[in-house]
Amino acid sequence: MSRKVTHHLPPAMLAQYAAGRLSYAFSVLAAAHVSLCRDCRDQLAAHEAAAGLLLEEAAPAAVSEDLLPRLLARLEEPAAPQDRQVEDGARPSGIYPGPVMMALKGRPPRWWHLGSGIRQALLHHGPGGSLRLLSVPAGRPVPRHTHRGTEFTLVLQGGFHDETGHFSVGDVEVADARLEHTPTADPGEACICLAATDAPLRFSGIVPRLLQPLFRI
Ligand SMILES: [Zn+2]
């Protein structure tokens, strides 16, 4: 991509991603950002090189034969995409990076209308959080809201601005309970974002709040 990404994954999140410790929703978002951002790709490679050295120095340990089936049985969430899958997984399609196409299972998003032209496609909803695509018409604000947990938003098309700055394709905004904001899409084209949360949003207005249980946003 020609434009340089200016808002990156927090370093701690990148380290957790490299270690495979992120939830499914956050892993997909991290993988999608890494696929769009050379800086974070380089840092991820450094993390992996360091982890490889640690593994080489660790003494091999005997593992019982049923370890893998037992581990698999304990996994409730879909497998988190790791960096290899960024390269080997589903191919990018249009504005959607490979990791997002994997989460979409190779199919186009199934959009739900939330009102005011805003659309959402839920990709995953589980105990560890939710992953969705959000499409906001050009120039339109998203109703003012705060967050119960942490929300990461990755821009895939267009851009938006809020009280904290401006975000374009490839940029990630991190929002938590301290941020109450009204993101507004740039003029020109719809702003399409990938949003990963570990808890539902908290809207300030009554109408969006009523819609919340319906759309699991
Ligand atoms: Zn980055």
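Of everything in the stretch 23-36 that is among the polar types (S, T, N, Q) and surrounded by fewer than 24 Cβ atoms within 10 Å (Cβ to Cβ), the residue that is modelled with the lowest pLDDT is 23.
Any residue at all in the stretch 15-22 that is at pLDDT below 70 and in a helix (DSSP H, G or I)? Checking the stretch 15-22: not a single residue is at pLDDT below 70 and in a helix (DSSP H, G or I).
How many of the residues making up the stretch 7-44 are farther than 24 Å from residue 124 by Cα and more than 9 Å from the ligand (Cβ to nearest atom)? Of the residues in that region, 3 qualify. Considering the stretch 131-141, and only residues there that are open to solvent by 10 Å² or more (accessible area, probe 1.4 Å) and either over 18 Å from the mean Cα position of the chain (by Cα) or under 13 Å from residue 26 (Cβ atoms) (or both), the residue that is modelled with the lowest pLDDT turns out to be 141. Of everything in the stretch 90-101 that's within 12 Å of residue 194 (Cβ to Cβ) and not hydroxyl-bearing (Ser, Thr, Tyr), which residue is surrounded by the fewest Cβ atoms within 10 Å (Cβ to Cβ)? Per the criteria, the residue is 95. Residue check: is residue 127 closer than 19 Å to residue 152 by Cβ and either touching a residue at least 60 places away in the same chain (Cβ under 8 Å) or surrounded by fewer than 22 Cβ atoms within 10 Å (Cβ to Cβ) (or both)? Answer is yes for this residue. Residue check, residue 178 against (1) under 23 Å from residue 22 (Cα atoms); (2) surrounded by fewer than 16 Cβ atoms within 10 Å (Cβ to Cβ); (3) within 16 Å of the ligand (Cβ to nearest atom), all met but one. Which one? Single failed check for residue 178: (3). Considering only residues that are more than 14 Å from the chain's Cα centre (by Cα) and of a type in the set (Asp, Glu), look in the stretch 156-173 and name the one that is most open to solvent (accessible area, probe 1.4 Å). Taking the candidates together, the pick is 163. Does the stretch 77-84 include one or more residues that are within 16 Å of the ligand (Cβ to nearest atom), open to solvent by less than 100 Å² (accessible area, probe 1.4 Å) and at pLDDT below 65? Checked against the condition, which is being within 16 Å of the ligand (Cβ to nearest atom), open to solvent by less than 100 Å² (accessible area, probe 1.4 Å) and at pLDDT below 65, the stretch 77-84 yields at least one hit.
The condition of being within 12 Å of residue 171 (Cα to Cα) and in contact with a Lys or Arg (Cβ under 6 Å, 6 or more places away or on another chain) holds for only one of 5, 34, that being 34.
Residues of the stretch 27-42 that are assigned to a helix (DSSP H, G or I) and either among the polar types (S, T, N, Q) or out of contact with any helix residue (DSSP H, G or I) (no Cβ under 7 Å at 6 or more places or on another chain) (or both): 27, 29, 35, 36, 38, 39, 42.
The values are calculated or read from the model by the stated rules, or taken from the named source; none is laboratory data. As the structure is a computational prediction, the values presented were derived from the model and not from experiment. Here the Cβ is made from the backbone with ideal geometry for all residues, glycine too, and neighbour counts use every protein chain on show. SASA here: full protein model, heavy atoms, side chains in, ligands and nucleic acids out. Shrake-Rupley method; radii C 1.70, N 1.55, O 1.52, S 1.80 Å.
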